[in-house]
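To keep things clear, I will list the structure first and then write my remarks on it.
The values are calculated or read from the model by the stated rules, or taken from the named source; none is laboratory data. Please read these numbers as outputs of a predicted model, since none were measured by experiment. We place every Cβ from the backbone using ideal geometry, glycine too, and count neighbours over all the protein chains shown.
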Amino acid sequence: MEGDAEALSSRLIITFARAIIKYEAGVPLRHTGESMMATKLTIVMEALPDDETPEQSEKRTGSMKGYAKAVREMMKTAEGRWGWCCVRIKATLGAHEGTAFLSNCSYKNADDFLNNSGYFTQMVEEAIGELRR
């Protein structure tokens with residue numbers, strides 16, 4: 001139950017931090033072989049649990065010494081899971097869905113990721129690209 005509450009907390013934080021973005025624009029889909037136009041594309045960003053610990057990441061990537069310790073410090077003050085997470089961007093258009101994932105993320109909150117990571121736009125494009133397949 002506690003894990004479910006933490007997941008809900010992370011999503012609510014994101015919801016109120018501009019991370020659920022709705023676009024009103026025509027987006028062509030090629031998913032079924034036909035060209036369809038839809039008017040409502042929803043992008044959702046979530047902080048999910050990461051499969052790897054900061055220590056495992058430090059060892060695997062050869063990050064500078066002290067990386068895992070710095071991440072652990074961030075985890076103490078970050079909102080929800082943002083201190084150490086896997087970020088998922090999900091694009092939904094009707095019954096069609098596309099996703100993009102970025103693991104080993106350490107941010108203060110959703111706004112920190114949106115404004116400072118440099119990955120958000122790229123991940124949205126990747127999720128929309130998958131949606132169109």
Among the residues of region 91-109, write down those that are modelled with pLDDT of 90 or more and either crowded, with 16+ Cβ neighbours inside 10 Å or in a strand (DSSP E or B) (or both). 97, 98, 99, 100, 101, 102, 103, 104, 105, 106, 107, 109
Within the group 58, 46, which residue is at pLDDT below 95, crowded, with 19+ Cβ neighbours inside 10 Å and over 27 Å from residue 127 (Cα atoms)? 58
Within region 113-133, of all residues that are assigned to a loop (DSSP other than H, G, I, E, B) and more than 12 Å from the chain's Cα centre (by Cα), the one farthest from residue 44 (Cα to Cα) is 133
Please count how many residues of region 44-90 are among the aromatic types (Phe, Trp, Tyr) and part of a loop (DSSP other than H, G, I, E, B). 2
